[in-house]
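Chemist: Got a structure for you, written out below as structure tokens; questions coming shortly.
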Amino acid sequence: MQSPLRSPRLRRILAAYTINSLGTWFGLVALLVAVYRHTHSALAVAALVFAAEALPAFVVPAVVAWVEASKRHRELTALYLFEAIATASLAVLMWHFWLPAVLVLAALDGTAALASSALLRAELARTARDQVEADMGGVARPRDQLDSGRSEAALIEERVQEAEREAHAARNVAYSSTFILGPVLGGIVVAAAGISTALFIDVGSFLICGALLLDLHPHVEEAAGDSVSTRLRSAWRHINEAPALRGLLLAETVALVFFETAAPIEVTYVEGTLHAGERGLGLLLTAWGAGAVLGSVVFARFVKRPLGGMLGAGTVAIGLAYVGLAAAPSLALACVAAVVGGIGNGLQMPSLISIVQRLTPPNLQGRMMGAVESLGALCRGIGLPLGGVLVALSSPRAAFAVVGVGALATTAALVRLAPRSRGGSPSPPADAAQSPPVVGHQTSSVP
């Protein structure tokens, strides 16, 4: 099978992901520095993170459903343009700082960011499917393939699944790379050129992404009606009627809360426990990012491995990393544990996304990705303050141990639930049978 990455459209989507992720780091570093400089309050910084990442969780599914219901073209470009306007407004606001306005603009920007990310995940999979179907359409299959008991449709579906995983793996490698470069470059720009300059660079990244995605039209026809509320009910009904999907999302939510709880512990751990200072924190985060790149490459290399096993391995690696941080006597060993955790990150999330997409009919892909993005944002809103509470009630080592054991405990549920999707296509929502047929876009269960 030819690689789906040769598709110009898919390459543009991946380029947009990379540019957007890199630019977002510039904006995030600039805003964190600005809020702390003007308020000298850790509470204000926490409010910024909550506004930008947790609050959007409650409205992102509705925004995704609204975009999919719209019959106008260039909706994704409009979202990126909205982000550019919001970020430019934040840059101007830095000259006359007012925290309430910063929080409102950060929440609006975060909502558009999560919605566009969800829609791009769905478009990534759709483009990979379309490329495979275009390549295999009308081409005679080798007799040994067809005589082995597999139908033509099953063979195409197998190729589609591999193509989707390859596309997600490429996206994960690109994102993980920006995880290393973004904070460093953002910090350099903020220190050398100022906060507003870094924010305007972020604005430029949004404009470039919008231009790259002008031809993407994520509208989804739905016979039951085009209203946002109807579309949201369809997605919710599908989750309720697919026990494997519902259980998987619940287990992943618990796991994500533990993952996000670790973030506030890191600063106190490095500076108060290891006495390594800011340089040590930078090394630890870089090690985690390097591990994420390595994990992404591993996921890309083993596109035919069962997704349930990859999901479980990633979760175990993250849990063991936190336990390792709790026990590490030095910064060097803590960085080794961080690399292991990063590898887990590189395996865990793309595996989850692939499983969720295989358990979801094509017409619900965007909304389901919106639900996953919202779950992640909501878990950050829960995990960040929870991490602060753990550090306040115990030591950083004890807090990491709790987080690690909790993450490991979720592995059994994730591994048990993921393989249950074997053997059959996912159940469509009640109104899916009335929707227009999508040739070649049937989803199948996890291998």
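Chemist: Just one of 375, 320, 347, 384 is closer than 22 Å to residue 258 by Cβ, surrounded by fewer than 24 Cβ atoms within 10 Å (Cβ to Cβ) and either without any contact (Cβ under 8 Å) to a residue 12 or more places away in the chain or within 14 Å of the chain's Cα centre (by Cα) (or both); which is it? Before you say what the answer is, go through the steps one by one.
Modeler: Numbers: 320 fails: either without any contact (Cβ under 8 Å) to a residue 12 or more places away in the chain or within 14 Å of the chain's Cα centre (by Cα) (or both); 347 fails: surrounded by fewer than 24 Cβ atoms within 10 Å (Cβ to Cβ); 384 fails: either without any contact (Cβ under 8 Å) to a residue 12 or more places away in the chain or within 14 Å of the chain's Cα centre (by Cα) (or both).
Only one candidate qualifies: 375.
Chemist: From the list 273, 315, exactly one residue is surrounded by fewer than 24 Cβ atoms within 10 Å (Cβ to Cβ) and either more than 19 Å from residue 402 (Cα to Cα) or touching a residue at least 60 places away in the same chain (Cβ under 8 Å) (or both). Which is it? Working first, answer last.
Modeler: Numbers: 315 fails: surrounded by fewer than 24 Cβ atoms within 10 Å (Cβ to Cβ).
From the options 273, 315, the qualifying one is 273.
Chemist: Can you name the number of the only condition in (1) surrounded by 20 or more Cβ atoms within 10 Å (Cβ to Cβ); (2) at pLDDT 85 or above; (3) under 18 Å from residue 380 (Cα atoms) that residue 264 fails?
Modeler: With respect to (1) surrounded by 20 or more Cβ atoms within 10 Å (Cβ to Cβ); (2) at pLDDT 85 or above; (3) under 18 Å from residue 380 (Cα atoms), residue 264 is out only on (2).
Chemist: Continuing with the same structure: For a quick check of your reading: which helices (runs of 4 or more DSSP H) sit entirely within segment 40-93 and have at least 1 residues that are without any contact (Cβ under 8 Å) to a residue 40 or more places away in the chain? Let's see the steps before the verdict.
Modeler: Numbers: elements: 42-49, 60-69, 75-93.
Those helices (runs of 4 or more DSSP H) span 42-49, 75-93.
Chemist: Identify the single condition in (1) in contact with a Cys (Cβ under 8 Å, 6 or more places away or on another chain); (2) at positive phi that residue 253 does not satisfy, given that it satisfies every other one.
Modeler: (2)
Chemist: Among the residues of segment 78-87, what is the count of those that are surrounded by fewer than 18 Cβ atoms within 10 Å (Cβ to Cβ) and either more than 13 Å from residue 202 (Cα to Cα) or touching a Leu at 6+ places or on another chain (Cβ under 8 Å) (or both)?
Modeler: Step one: of segment 78-87, the residues surrounded by fewer than 18 Cβ atoms within 10 Å (Cβ to Cβ) are 78, 81, 85.
Okay, now just the ones that are also either more than 13 Å from residue 202 (Cα to Cα) or touching a Leu at 6+ places or on another chain (Cβ under 8 Å) (or both), so 78, 81.
Of the residues in segment 78-87, 2 are surrounded by fewer than 18 Cβ atoms within 10 Å (Cβ to Cβ) and either more than 13 Å from residue 202 (Cα to Cα) or touching a Leu at 6+ places or on another chain (Cβ under 8 Å) (or both).
Chemist: Might you let me know whether segment 306-329 holds any residue that is farther than 30 Å from residue 162 by Cβ, of a type outside the set (Ser, Thr, Tyr), in contact with a Phe, Trp or Tyr (Cβ under 6 Å, 6 or more places away or on another chain) and part of a helix (DSSP H, G or I)? Walk me through it before giving the result.
Modeler: The initial filter retains those residues of segment 306-329 that are farther than 30 Å from residue 162 by Cβ, namely 322-329.
Now narrow it down to the ones that are of a type outside the set (Ser, Thr, Tyr): 323-329.
Those left that are additionally in contact with a Phe, Trp or Tyr (Cβ under 6 Å, 6 or more places away or on another chain): 325-326.
Imposing the further condition that a residue be part of a helix (DSSP H, G or I) reduces the set to 325-326.
Checked against the condition, which is being farther than 30 Å from residue 162 by Cβ, of a type outside the set (Ser, Thr, Tyr), in contact with a Phe, Trp or Tyr (Cβ under 6 Å, 6 or more places away or on another chain) and part of a helix (DSSP H, G or I), segment 306-329 yields at least one hit.
Chemist: Under 6 Å between Cβ atoms, which residue pairs at least 6 apart in sequence (or on different chains) link something in segment 285-312 that is without any contact (Cβ under 8 Å) to a residue 60 or more places away in the chain and surrounded by 19 or more Cβ atoms within 10 Å (Cβ to Cβ) with a partner that is of a type in the set (S, T, N, Q) and part of a helix (DSSP H, G or I)?
Modeler: As it stands, the answer is 310/351, since those pairs meet every condition given.
Chemist: Same structure again: What about residue 234, is it crowded, with 16+ Cβ neighbours inside 10 Å and of a type in the set (Gly, Ala, Ser)? Before you say what the answer is, go through the steps one by one.
Modeler: On the way: crowded, with 16+ Cβ neighbours inside 10 Å: yes; of a type in the set (Gly, Ala, Ser): yes.
Criteria met by residue 234.
For every residue, the table says whether it meets (1) buried (at least 21 other Cβ atoms within 10 Å of the Cβ); (2) among the aliphatic types (A, V, I, L, M); (3) assigned to a loop (DSSP other than H, G, I, E, B).
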{"residue": "187", "(1), (2), (3)": "no, no, no"}
{"residue": "191", "(1), (2), (3)": "no, yes, no"}
{"residue": "196", "(1), (2), (3)": "no, no, no"}
{"residue": "199", "(1), (2), (3)": "yes, yes, no"}
{"residue": "204", "(1), (2), (3)": "no, no, no"}
{"residue": "209", "(1), (2), (3)": "yes, no, no"}
{"residue": "214", "(1), (2), (3)": "no, yes, yes"}
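The values are calculated or read from the model by the stated rules, or taken from the named source; none is laboratory data. The shown structure was predicted, so the numbers you read here are calculated from the model rather than taken from an experiment. Here the Cβ is made from the backbone with ideal geometry for all residues, glycine too, and neighbour counts use every protein chain on show.
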